[in-house]
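Enquirer: Can you read through this structure? Questions will come right after.
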Amino acid sequence: MKQVITSEKKPIKLWLDDIEAGAFEQVRNLANLPFIFSHVAVMPDAHLGYGMPIGGVMASEEVVIPNAVGVDIGCGMCAVQTSLTSLSSEQLKGALSEIRKTIPLGFKHHQRAQDPALMPKSEVPLAELPIVAGQYQSALTQLGTLGGGNHFIEIQQGNDGHIWLMVHSGSRNLGFQVANYYNRLAAKLNRQWGSKIPASWQLAFLPLSTPAGRIYLQEMQYCVEFAYANRQLMMARIKEAIRKVAGPVTFGPLINIAHNYAALEEHYGKRVMVHRKGATRAQAGEIGIIPGSQGTPSYIVKGKGNRESFASCAHGAGRKMGRKQAQRQLDLQAEKRRLDEQGIIHAVRSVGDLDEAAGAYKNIDQVIDSQLDLVEVLVELRPLAVIKG
């Protein structure tokens, strides 16, 4: 931990030296909520979000805040170690070509619905989950699709000597629809209840004792599981692509983590609702993934269960520039050269791609160094080939 700020109703514990003004204002708002528990934890990749910063961890008593989960519910990472120790440039290019044939990118969906058997099994009838039920048929065409923004597929070389496969993706439009519906509902109900939390904070809440709070949690959990199913299907198709270009390959167990969700957990002897928005759970011994930006290393880590961070760690490098700012300020040729000199098959082609260039992100090695009290690094993964949404 870098610093503790005690000027608000609850302490703010930061794992970074420098936090942008807008993100810090959001952290202060969190620390002054009436139902906040213990303190607010801010990971080293933190940056401005809606209501709550990306890279924030907050525990509440008796309420859930949709905007403290975010719009891409269940967004997360999966990674697999392969038995391969190398891939040639031609094999890498061939694998990327095969992957693009089976995994739609950006806003694209499958033209046909995928197998419903691959969808999550709900603990309650789908009819009791109004947004999920209304979006279900559309979600069948989104299953196994990457999405855009910072989502990616990467083939990597591990310092353990193995080739690794990694996917970053979420719950697609399904999670977006659930998040927006319940955030609007929370804002409406808060006005009706005369909530004293300023609407400008964008932190409308739902009590867990209300039907709205209970149903949101059920729909949120379905989206978390849908995002996992989405990554699983993509990984299965990436494995097929690797087999086509490299022949017989064996694969290790799938590592999967989500970094946008809320869950009831016990901390400091009390059951509380832990919100992780762009943060990864890092319980003692738990294996996690902290990706870098395009062209920088990613890390397989093991959690240390640090109670000060609510057993959490960073979810990535974290942005240091907004998307439009990166497109305005970064040098396209310099960013391409940075990747080309490393021999990475990359996705930076035009100025429009600079929002996902390495220069738009914090230094991942500094982010890792800032949280060695939260995680232990197990494997460093260097990118060989990247597909961006």
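The values are calculated or read from the model by the stated rules, or taken from the named source; none is laboratory data. Please read these numbers as outputs of a predicted model, since none were measured by experiment. A quick note on method: Cβ atoms are made from the backbone with ideal geometry, for glycine too, and the neighbour counts reach across all protein chains shown.
Enquirer: Need pairs with beta-carbon distance below 6 Å; first residue under 11 Å from Tyr50 (Cβ atoms) and within the stretch 64-80, second among the small types (Gly, Ala, Ser) and in a loop (DSSP other than H, G, I, E, B); sequence gap 6+ or separate chains.
Expert: What qualifies is Asn67/Gly51.
Enquirer: Take Ile99 and decide whether it is among the β-branched types (Val, Ile, Thr) and either under 27 Å from His315 (Cα atoms) or in contact with a strand residue (DSSP E or B) (Cβ under 6 Å, 6 or more places away or on another chain) (or both).
Expert: It is true that Ile99 is among the β-branched types (Val, Ile, Thr) and either under 27 Å from His315 (Cα atoms) or in contact with a strand residue (DSSP E or B) (Cβ under 6 Å, 6 or more places away or on another chain) (or both).
Enquirer: Moving to a separate point now. From the residues in the stretch 320-331 that are out of contact with any Asp or Glu (no Cβ under 8 Å at 6 or more places or on another chain) and among the charged types (D, E, K, R), which one is surrounded by the fewest Cβ atoms within 10 Å (Cβ to Cβ)?
Expert: The selected residue is Arg328.
Enquirer: With respect to the numbered conditions (1) under 23 Å from Gly74 (Cα atoms); (2) touching a Ser or Thr at 6+ places or on another chain (Cβ under 6 Å), which one is the sole condition not fulfilled by Leu174?
Expert: Unmet condition: (2).
Enquirer: Sticking with this one: Modelled with pLDDT of 95 or more, at positive phi and out of contact with any strand residue (DSSP E or B) (no Cβ under 6 Å at 6 or more places or on another chain): is that true of Arg172 in this structure?
Expert: So Arg172 fits the description; yes.
Enquirer: How about the stretch 120-135: which of its residues are of a type in the set (A, V, I, L, M), surrounded by 13 or more Cβ atoms within 10 Å (Cβ to Cβ) and not in a loop (DSSP other than H, G, I, E, B)?
Expert: Matches in the stretch 120-135: Leu126, Ile131, Val132, Ala133.
Enquirer: Looking at Ala117, Ala95, which one is in a helix (DSSP H, G or I), under 17 Å from Ala236 (Cβ atoms) and without any contact (Cβ under 8 Å) to a residue 24 or more places away in the chain?
Expert: Ala117
A quick yes/no check of all residues on (1) surrounded by 22 or more Cβ atoms within 10 Å (Cβ to Cβ); (2) within 25 Å of Lys244 (Cα to Cα); (3) over 21 Å from the mean Cα position of the chain (by Cα):
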{"position": "Glu90", "(1), (2), (3)": "no, yes, yes"}
{"position": "Lys93", "(1), (2), (3)": "no, yes, yes"}
{"position": "Arg100", "(1), (2), (3)": "no, yes, yes"}
{"position": "Asn150", "(1), (2), (3)": "yes, no, no"}
{"position": "Asn180", "(1), (2), (3)": "no, no, no"}
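Enquirer: Same structure again: What's the number of the only condition in (1) more than 22 Å from Val71 (Cα to Cα); (2) small (Gly, Ala, Ser); (3) in a helix (DSSP H, G or I) that Ser138 fails to meet?
Expert: Here Ser138 meets the rest and fails (1).
Enquirer: Restricting attention to the stretch 332-358, and to residues there that are of a type in the set (A, V, I, L, M, F, W, C) and closer than 30 Å to Ala282 by Cβ, which single residue is surrounded by the most Cβ atoms within 10 Å (Cβ to Cβ)?
Expert: Ranking the candidates gives Ala357 first.
Enquirer: With the structure loaded, tell me whether Gln177 is at pLDDT 95 or above, within 24 Å of Pro297 (Cβ to Cβ) and either assigned to a helix (DSSP H, G or I) or aromatic (Phe, Trp, Tyr) (or both) or whether it fails that test.
Expert: When the stated conditions are applied, Gln177 does not pass them.
Enquirer: Kindly indicate the residue of the stretch 1-37 that is β-branched (Val, Ile, Thr) and part of a loop (DSSP other than H, G, I, E, B) and also nearest to Met52 (Cα to Cα) among those meeting that condition.
Expert: It comes out as Ile19.
Enquirer: I'm trying to understand the selection: among the residues of the stretch 48-92, which are of a type in the set (Gly, Ala, Ser), touching a Phe, Trp or Tyr at 6+ places or on another chain (Cβ under 8 Å) and in a loop (DSSP other than H, G, I, E, B)?
Expert: Those that are of a type in the set (Gly, Ala, Ser), touching a Phe, Trp or Tyr at 6+ places or on another chain (Cβ under 8 Å) and in a loop (DSSP other than H, G, I, E, B): Gly51, Gly70, Gly74, Ser83.
Enquirer: Among what's in the stretch 359-373 and is closer than 21 Å to Asn159 by Cα and among the hydrophobic types (A, V, I, L, M, F, W, C), pick the residue that is surrounded by the fewest Cβ atoms within 10 Å (Cβ to Cβ).
Expert: This residue is Leu372.
Enquirer: List pairs: first in the stretch 147-168 and under 18 Å from Ser88 (Cα atoms), second among the basic types (Lys, Arg) and not in a strand (DSSP E or B), Cβ under 8 Å, 6+ apart or cross-chain?
Expert: Once the first residue is under 18 Å from Ser88 (Cα atoms) and sits in the stretch 147-168, its partners that are among the basic types (Lys, Arg) and not in a strand (DSSP E or B) give Leu165/Lys239.
Enquirer: Here is a further query. Within the stretch 241-260, how many residues are free of Cβ contacts under 8 Å to residues at least 24 places away in the same chain, surrounded by 13 or more Cβ atoms within 10 Å (Cβ to Cβ) and assigned to a loop (DSSP other than H, G, I, E, B)?
Expert: So the answer is 0.
Enquirer: Suppose we filter the stretch 198-225 for residues that are in a helix (DSSP H, G or I), more than 15 Å from Val124 (Cα to Cα) and either at pLDDT below 95 or aromatic (Phe, Trp, Tyr) (or both); how many remain?
Expert: Going through the stretch 198-225 one residue at a time, the tally reaches 1.
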